[in-house]
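Down below is the structure, laid out as structure tokens.
Since every read-out is calculated from the coordinates, none of them should be taken as a lab result. Computed from a predicted structure; not experimentally measured. Cβ: placed from backbone, ideal geometry, glycine included. Neighbour counts: every protein chain shown.
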Amino acid sequence: MPRVVDLFCGCGGLSLGFQNAGFHMVRAFDHWDKAVNVYNANLKGHEAEIKDVYDLTVDYIKRFAPDIVIGGPPCQDYSSAGQQDETKGRADLTLRYAELVCGVGVKWFVMENVDRILKSETLYKAINQFEKAGYGLTGVVLDASKCGVPQKRKRFFLIGELGGRNGFLENSLLQDQKKKSMTIRDYLGDEFGIEYYYRHPRSYARRGIFSIDEPSPTVRGVNRPVPNTYKIHSGDATDDLSKVRSLTTLERARIQTFPRDYIFQGNKTDLEQMIGNAVPVELASYVGRHLMGYINGD
């Protein structure tokens, strides 16, 4: 069973998905203590440590004898929800991730980020590091709603195999996506007890009311009630606000495909942020299953 270390583990979405896909998690790291506490309350048999990646050393990671390093370096410098400014410093964490992977020399790695990273200079600097270290690379953008998640969330995955060929997993990952997007009702049935819900738009030029018979828009770290001044948008799923409410924090975690019994502890602001930052569990599992199939020669 391949041994996995997770950098930037957050509250555990990527780790849980890989664990569900048959990988053996042996260690995880994140600098945010609140997220690490949630991780450790749920994922057993190994530990997540509170540690900044700049304090991590190659030798320390090697102690856990990983076959694979996974991780989603912070995306705020690339994200449409952020400032899209690579000079802010968080983009450098992508390069630190590459530095640690190449230093440890694991057989495989999986890096996740927003699809906007494809427009960044930082990604191509990281790719250059990986190629110099001898990794064959697969880079794909996956639509979570076609990979078992009831959410329109496009994410970029860069997957490497030491000594492998470029594109080794591309066809498998792309061709196995479903033709039709998964809706909230498809995944959760009537669990929420509503037909419509409010998701705060980035601007009031956009719709804010959605139906459970469509995939959710991207779950972000912001969750607000329906404003008293909200004006119905032409794209809204209903114009009857009496039928509409915001989703709860735990309902948003369900859309991120965390299991119903996943323990979230902490204040609402922190929980909304860590849930919005998380890799959807089923998206991680989708990638993990395809990588496991490749490793096993399926």
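Within the chain, DSSP assigns beta bridges of which about 50% are antiparallel (rounded to the nearest 5).
3J(HN,Hα) along segment 220-237, derived from phi through the Karplus expression 6.51 cos²θ - 1.76 cosθ + 1.60 where θ = phi - 60°, amounts to 10, x, 10, 9, 10, x, 5, x, 4, 8, 4, 9, 4, 9, 4, x, 4, 6 Hz, with x in place of Gly and Pro. Scanning residues 5 or more positions from K154 or on other chains, those with amide H under 5 Å from its amide H are A144, with H placed 1.01 Å from N in the peptide plane. For V226, the residues 5 or more places off, or on other chains, whose built amide H falls under 5 Å of its own are S246. Across segment 250-262, computed HN-Hα scalar couplings (Karplus, 6.51 cos²θ - 1.76 cosθ + 1.60, θ = phi - 60°) run 6, 5, 5, 5, 5, 5, 7, 6, 5, x, 4, 8, 5 Hz from first to last residue, x flagging Gly and Pro. Put a dot 7 Å past the Cα of N20, heading toward its Cβ, do the same for K231, and the two dots end up 4.1 nm apart. Residues whose amide H comes within less than 5 Å of that of H31, counting only those at least five positions distant or on another chain, are K51 (H built at 1.01 Å from N in the peptide plane). For V141 and R202, the FRET efficiency from 1/(1 + (r/R0)^6), where r spans their Cβ atoms and R0 equals 22 Å, is about 0.60. Applying the Karplus relation 6.51 cos²θ - 1.76 cosθ + 1.60 with θ = phi - 60° to segment 26-43 yields 3J(HN,Hα) values of 10, 6, 8, 9, 7, 7, 8, 4, 5, 5, 5, 4, 5, 3, 6, 6, 10, 9 Hz, where x marks Gly and Pro. Here the sum of -39500 (n - 2.57) over DSSP H runs of 4 or more residues, divided by the residues of the chain, equals -8500 deg cm²/dmol at 222 nm, to the nearest 500. Taking each residue as 0.36 nm, the span from L241 to V222 lengthens on full extension beyond its C-alpha to C-alpha distance by 4.8 nm.
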